[in-house]
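Trainee: First, the structure itself, so that you have it in front of you.
The values are calculated or read from the model by the stated rules, or taken from the named source; none is laboratory data. Note that the structure is predicted; figures quoted are calculated from it, not measured. A quick note on method: Cβ atoms are made from the backbone with ideal geometry, for glycine too, and the neighbour counts reach across all protein chains shown. Each accessible area value is taken on the protein alone, full model and side chains, heavy atoms only, with ligands, DNA and RNA left out. Shrake-Rupley method; radii C 1.70, N 1.55, O 1.52, S 1.80 Å.
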Amino acid sequence: MTDLALGRTAADRDRLLRLLQNYGVYLGVAVLLLVNIAFTPHFLSGENFRTQAVQVAPVLVVALGMALAIGSEGVDLSVGSVMALSTSLVSLYLGYGMWVALVVALLGGMAVGLANGSLIAFIGVQPIVATLALMVAGRGLALVLLPQLKDVRDPTMASLGSGDLLGIPYLVLIAAALALLVAFVVRRTTFGRQLLAIGDSRPAALLAGLPVRRVLITVYVVCGALAALAGVLATARLSASDPTSLGNLMELSAITAVVVGGTPLSGGRVRIGGTVAGAVLIQLLTATLIKHDLPPSWTQIAQAVVIVLAVCAARERGER
């Protein structure tokens, strides 16, 4: 009887851990919304919701690429530096037109992703080491190209950063469209199934004849392109290029959004819906602390605590 009771307790605990890992992020968003509704003045105003949505868009775009990297049992620490490189390239090439600057920025991000993917797929460098090297190099290159902050005065960029369609900001529409696209790729395409298989077991994927190297390179190229696009969106929103601070610690926010959203660091699974909710959670957490006059450093501490709790919950569930 005692063994049966213990078995039921263990099963209930495992079920609770599974629910927290899969749906805890949505509970967290709901709790933060309720707290802000109760204690934050003017939180329910339309202007506030618009501000929060616009600010979360670049984080979500980066997190989508990070979700693919983590799903392949990797990680990309260079995303913040890619954003900085992107804003530098936009500033340098904006004189040729916004679309030229956008293409150049995307190509720069893809080049960094190609370097990351090649180091990982062909040389066998661990993802954390390869992307750490590009994180340092990318930020340095961004500062070489644009040593200081520069105002961005372009009507098309201004429209991208502050314009809307039927009341929905362009930045939010772009982020939402990309989330739907990435979710479709992961769930409905051969590439998505190959990515998850590689993340679940790379040796088994090799034995099965899957194009492991090609998939890994594609993952990091896409991750670099999304980070570069996020840099363009952030530049448009701020109307300024600042490679010194833009994208700083963005890798922490992206990893937190992905892991809290239910994508395990061990790979083999990608939860795009959870990643979206995770990005919203990070934005709400940041806004809550700022609106209640707490210094920005507390946001970083809170993010670190959240990601540790999420990883611990996932690890305990895996051990059981």
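Trainee: What is the sum of charges around residue 193, taking Lys and Arg as +1, Asp and Glu as -1, for the other residues whose C-beta is under 11 Å from the C-beta of residue 193? All intermediate terms of the calculation are to be shown ahead of the outcome.
Mentor: Values: positive: 187, 188; negative: 200.
Around residue 193, the charge tally is +1.
Trainee: Quick check on the chain: helices-only [θ] at 222 nm, where DSSP H runs of length 4 and up contribute -39,500 (n - 2.57) each and the sum goes over total residues. Nearest 500, please.
Mentor: The per-residue figure over the chain is -26000 deg cm²/dmol.
Trainee: Related question: Using a 1.4 Å probe and counting only protein heavy atoms, arrange 214, 269 so the residue with the most accessible area comes first.
Mentor: Working: 214 155, 269 75 Å².
Reading off the accessible areas and sorting them downward yields 214, 269.
Trainee: Please compute the net charge surrounding residue 72, taking Lys and Arg as +1 and Asp and Glu as -1 over other residues with Cβ under 13 Å from its Cβ.
Mentor: Its environment carries a net charge of +2.
Trainee: Report, by chain and number, residues whose modeled amide H sits under 5 Å from the one on residue 73, excluding near sequence neighbours (fewer than 5 apart, same chain).
Mentor: Long-range HN contacts for residue 73: 267, 268.
Trainee: Just 165, 114, 145 to compare: in a GNM of the chain, with alpha carbon springs under 10 Å, which one fluctuates most?
Mentor: 165
Trainee: Sticking with this one: For residue 240, what residues show an amide H to amide H distance below 5 Å, using hydrogens built from the backbone and excluding near sequence neighbours?
Mentor: Those lying under 5 Å, H to H, from residue 240 are 152.
Trainee: In a Gaussian network model over the chain where Cα atoms closer than 10 Å are linked, find which of 98, 135, 66 has the largest mean-square fluctuation.
Mentor: 98
Trainee: Another question, if that's okay. Per residue of segment 49-59, in order, report the coupling 6.51 cos²θ - 1.76 cosθ + 1.60 (Karplus, θ = phi - 60°) as ³J(HN,Hα) in whole Hz, putting x for Gly and Pro.
Mentor: With the stated coefficients, segment 49-59 comes to 5, 5, 4, 5, 5, 5, 5, 7, 4, x, 4 Hz.
Trainee: If you don't mind, another one. Calculate one ³J(HN,Hα) per residue across segment 272-281 by plugging θ = phi - 60° into the Karplus curve 6.51 cos²θ - 1.76 cosθ + 1.60, and present them in order as whole Hz with x for glycine and proline.
Mentor: Result, ordered by residue: 6, x, x, 5, 4, 5, x, 5, 5, 4 Hz.
Trainee: Residues with amide H under 5 Å of residue 164's amide H, sequence separation 5 or more or different chain, H placed in the peptide plane at 1.01 Å from N; which?
Mentor: 170
Trainee: For residue 35 and residue 162 in one chain, what is 0.36 nm times their gap in residues minus the Cα-Cα distance, to one decimal in nm?
Mentor: That pair, residue 35 and residue 162, stretches by 42.9 nm at full extension.
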